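We did not get these values from a lab; they are worked out from the coordinates using the rules stated. Note that the structure is a prediction, hence the values are computed from the model and not measured. With ideal geometry, Cβ positions are generated from the backbone for all residues, glycine too; neighbour counts draw on all protein chains shown.
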Amino acid sequence: MPVFDGSTLRRHHRIAGDAVVVGSGAGGAIATAELAAAGWNVVILEEGGYFTGQHLSGSVSFAFTRLYRNGGLTGTIGRPPIIVPLGRCVGGTTTINSGTCYRTPDFVLQRWERDFGLEGATALEEDYSAIERDLHIKPVPDHLYGPANGRIQEAVERILGWRGSRIPRNEDGCIATARCAFGCPSDGKLAMNVTKIPEAVARGATLWVHARVRRILLDGHRAVGVVADALTPEGRPTGAQLDVVAGLVVVAAGALHTPALLQASGVRNPWLGRNLHLHPATRVVALFPEPIRGWHEVPQAYNIDEFIPSGIFIQGQFVPPEVQAAAIPGFGRTHAERMRAFERMASFGALISDESSGRVWSAGTSVTPLAWYTLSKRDVRKLLFAIARTAEAFFAAGAMEVYSGVAALPVLRDRTEIATLESARVRPSQLDVMAFHPMGTARAGAAPLSVCDPWGRVYGYRGLAVADASLFPTSNRINPQLTIMALVRRNAREWIARGY
Ligand SMILES: Cc1cc2nc3c(=O)[nH]c(=O)nc-3n(C[C@H](O)[C@H](O)[C@H](O)COP(=O)(O)OP(=O)(O)OC[C@H]3O[C@@H](n4cnc5c(N)ncnc54)[C@H](O)[C@@H]3O)c2cc1C
């Protein structure tokens, strides 16, 4: 596949297209594929490099240096500081995600339409179905499911009487390397790097890698193109510059970088960068008496649906030992002893739909975002509830110990200790929180409370649209990639049919 590489540019380069798309993740790849399918001349610029199974072994250190932004340590300032890992490569965060693909619950889409003016949010059926078909989205099949999931499912549904289900994933030919989050070595995970990006390029789109957009070019209130810095494969500017002139600029840099780029380019809207939601999440680890060997199965295969209406979503989440070590309590010999039992560990993640919200700024004229976010007391309670229910599921499945990730009570030895954990006074800084789903910073809906109109076009500007998780008016309660794709597919078709 022809790919243009910014790192090889030796001098200022200028190109033109009908549209330029900034970022090749969930939203950018779908926007590019749709526009290219309609015969548009599309240029897509991606800051990171291009990797597929032939380059990937599932190595954690390779992934953190080449596929993740800032070595996986992008984060927010506030109480507590939260790590928000992001992809920085072709396919964006889809290349390093777990491949779960959910439709957003109807009650959330109805609220987006009713309360935020996101017209047509409840009419995404055709877009969801098309993407589910294209990406082979289906529940995890038996041969990838693994005994640990079966055991936890049994405990959740039969013993506790909660609702749960197998997770739908975008895969074809998955061989369960359990390395989804570190770049799929088999290309079995149908992320954007192996699906929509090659599809768009085959239809004539031009992909530039190692090209970081520094500025959107505005002529008054009309976008006319972008300026990008060429980068080395390690991400340092080479000094060369790439200009793309286009009638439509689509910003799909993700919910932290999109508002920063728009602000740094002079786009003004009081809501731009506000309304940052993250889905704060914790990892809860259980130690079982017998081997679990999660590395033989899909990392995310089963989820507990029961608490979605209360804003809590619990999912399987196997991680390799070098990552799991950070969630295991203790130091020195105690920690080493616990890690020796790795093959008997299972881990589940619990995320909450956050009522807290944060804000993103661009640092001066830089496109590097600064994100501020503080967990509210209610969200701390929600996280504790989520951890407690996960622990309950593990003990019902026969766990001997549960590592809670809460500094006040890091090890639970039986289910009677769950109540103590839930009633503990816990400060945000005592929780081990990460977040994987930034969203909401350029929300779509009715003016004046939104940055974009319902189809992602930036209010007050012509030829400028957003196509990523920034568009969500609120948390969507579950993993967002499928909804980002469906919304962007619908929006791109609107731009093609009715203009931008
Ligand atoms: C470890 C992990 C696991 C996850 N698992 C799941 C899952 O299983 N299911 C799910 O639904 N969600 C999951 N997510 C979240 C999901 O992948 C993201 O929500 C989704 O990919 C966001 O799409 P996006 O288009 O908003 O941005 P991204 O996919 O992040 O794409 C943004 C792209 O823009 C590029 N970019 C940024 N700035 C510039 C610039 N100035 N110039 C050029 N390029 C730029 C970035 O390098 C990146 O490639 C996971 C996230 C993580 C971190």
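What to note about this one:
- 0 to 90° range, to nearest 10: angle between helix 106-116 axis and the chain longest Cα axis: 50 degrees
- Among K382, K196, K377, a tally of other beta-carbon atoms within 10 Å of each Cβ gives an order, fewest to most, of K377, K382, K196.
- Potential extension, R425-T368 segment - 0.36 nm per residue separation minus Cα distance: 16.9 nm
- Contact order normalised by residue count of the stretch 11-92, Cα under 8 Å, 6+ apart, percent: 31 percent
- Loop-located trypsin sites (Lys or Arg not before Pro) across the stretch 1-89 with a Cβ neighbour count of 10 or fewer within 10 Å are R10, R11, with loop assigned by DSSP.
- With the Kirkwood sum run over all distinct C-alpha pairs, the chain has a hydrodynamic radius of 22.8 Å.
- FRET efficiency for the R163 to E234 pair, using the beta carbon distance and R₀ = 60 Å, is estimated at 0.80.
- Taking other C-beta atoms within 10 angstrom as a stand-in for reagent exposure, M192, M1 fall in the order M1, M192, fewest first.
- Placed amide H near S265: partners under 5 Å, 5+ positions off or other chain: I216
- The modelled label-to-label distance between E290 and T8, using points 7 Å beyond Cα along the C-beta direction, is 5.6 nm.
- Counting every other Cβ atom within 10 Å of each residue's Cβ, L160, L9 order from fewest to most as L160, L9.
- Principal-axis tilt of helix 26-37 within the chain, Cα atoms, nearest 10 degrees: 40 degrees
- Relative contact order for the chain, counting Cα pairs under 8 Å that sit 6 or more residues apart, in percent: 23 percent
- By DSSP, the beta bridges lying fully in the chain are antiparallel in about 70 percent of cases.
- Couplings for the stretch 425-436, taken from phi via the Karplus curve 6.51 cos²θ - 1.76 cosθ + 1.60 with θ = phi - 60°, read 7, 10, 8, x, 5, 8, 9, 8, 10, 10, 8, 10 Hz in order; Gly and Pro are left as x.
- Here R133 and F107 are evaluated by their C-beta separation; at R0 = 22 Å the FRET efficiency comes out at 0.30.
- Judged by the mean number of other Cβ atoms found within 10 Å, the most tightly packed of the peptides 258-268, 418-428 leads the ranking 258-268, 418-428.
- Under 5 Å from the amide H of L464 lie the amide H atoms of A223, V249, V458, each residue being 5 or more positions distant or on a separate chain, with H modelled from the backbone and absent for Pro and chain starts.
- Overall form of the stretch 304-390: oblate. Here a/c, set by the Cα gyration tensor axes a ≥ b ≥ c, is 1.5 or more, and a/b is not larger than b/c.
- Karplus-derived 3J(HN,Hα), 6.51/-1.76/1.60, for each residue of the stretch 232-239, Hz, glycine and proline x: 6, x, 7, x, 8, x, 8, x
- Listed peptides 295-303, 53-61 by packing density, highest first (mean Cβ within 10 Å): 295-303, 53-61
- Ellipticity at 222 nm from helices only: DSSP H runs of n ≥ 4 in the chain, each -39500 (n - 2.57), divided by the residue count, give -7000 deg cm²/dmol.
- Pair R378, L73: separation of 7 Å Cα→Cβ label points (nm): 3.4 nm
- Between helix 481-498 and the chain there is an angle of about 20 degrees, using the helix long axis and the longest principal axis of the Cα atoms.
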